[in-house]
1. When residues of region 59-76 are filtered for being open to solvent by 30 Å² or more (accessible area, probe 1.4 Å) and aromatic (Phe, Trp, Tyr), how many remain?
2. Can you give me the number of residues within region 27-58 that are under 13 Å from the mean Cα position of the chain (by Cα) and open to solvent by 40 Å² or more (accessible area, probe 1.4 Å)?
3. Using the structure shown, decide if Ala119 is closer than 16 Å to Leu14 by Cα, assigned to a helix (DSSP H, G or I), open to solvent by less than 50 Å² (accessible area, probe 1.4 Å) and touching a helix residue (DSSP H, G or I) at 6+ places or on another chain (Cβ under 7 Å).
Amino acid sequence: MLNEIALSTLLALLAVSLHGFGLLGLGRGLELYESRAGRSYVEGPLWQHALLTIAVVLGLFVLHGVEIWMYAAVFKLIGAVPDLREAVYFSSISYGSVGYDDSLMAPEWRLLGAFEGVAGAILLGWSIAFFVSVMTPFNARKKRGRVHHDIP
């Protein structure tokens, strides 16, 4: 059990570090966009907003994908699962906190899946918070642009 906890802690630290630097990179990407465009990322035509939103979402998918594959690689490396396909499958369902079945995992390593589920839930929440912070200025801009008429 101590091996599982130690390895889970190490993997969580790596995943949190990857996630933090990944979100920082996405944030810096928005700053670079603003610098090159000479305006805030919330200004401009709707199609640019759509492309920017898609780029941020794809960036988040890549970030989570790297983290899932990191866990899967470790599962395969330590022999906790029979093959890479099963490792990626198990990692994906654990990371997303779905956790259908841990029978794929060697009994002595099953706790890793539970820890990945907790880490994945936190990292997914962190991504949601980041995405909301990116999207909120669009909503604020839309509200500022409205004309309010008082009805007597």
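The values are calculated or read from the model by the stated rules, or taken from the named source; none is laboratory data. From a predicted model like this one, the values you see are computed outputs, not experimental measurements. FYI the Cβ positions are ideal-geometry reconstructions off the backbone, even for glycines, and counts take in every protein chain you see. For the accessible areas, the whole protein counts, side chains as well, though only heavy atoms, and no ligand, DNA or RNA atoms are used. Shrake-Rupley method; radii C 1.70, N 1.55, O 1.52, S 1.80 Å.
1. 2
2. Our first condition is that a residue be under 13 Å from the mean Cα position of the chain (by Cα); within region 27-58, this holds for 56-58.
With the extra rule that they be open to solvent by 40 Å² or more (accessible area, probe 1.4 Å), the set shrinks to 57-58.
Number of matching residues: 2.
3. Values: closer than 16 Å to Leu14 by Cα: yes; assigned to a helix (DSSP H, G or I): yes; open to solvent by less than 50 Å² (accessible area, probe 1.4 Å): yes; touching a helix residue (DSSP H, G or I) at 6+ places or on another chain (Cβ under 7 Å): yes.
For Ala119, the condition - closer than 16 Å to Leu14 by Cα, assigned to a helix (DSSP H, G or I), open to solvent by less than 50 Å² (accessible area, probe 1.4 Å) and touching a helix residue (DSSP H, G or I) at 6+ places or on another chain (Cβ under 7 Å) - is met.
Rundown of residues vs (1) under 19 Å from the mean Cα position of the chain (by Cα); (2) of a type in the set (Phe, Trp, Tyr); (3) open to solvent by 30 Å² or more (accessible area, probe 1.4 Å), yes/no style:
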{"residue": "Pro82", "(1), (2), (3)": "no, no, yes"}
{"residue": "Arg85", "(1), (2), (3)": "no, no, yes"}
{"residue": "Phe90", "(1), (2), (3)": "yes, yes, no"}
{"residue": "Gly96", "(1), (2), (3)": "yes, no, yes"}
{"residue": "Ser103", "(1), (2), (3)": "no, no, yes"}
{"residue": "Arg110", "(1), (2), (3)": "no, no, yes"}
{"residue": "Met135", "(1), (2), (3)": "yes, no, yes"}
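The rows are residues; the columns are (1) in a helix (DSSP H, G or I); (2) of a type outside the set (Gly, Ala, Ser).
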site	(1), (2)
Arg36	yes, yes
Arg39	no, yes
Ala73	yes, no
Lys76	yes, yes
Val81	no, yes
Ala87	yes, no
Ile93	yes, yes
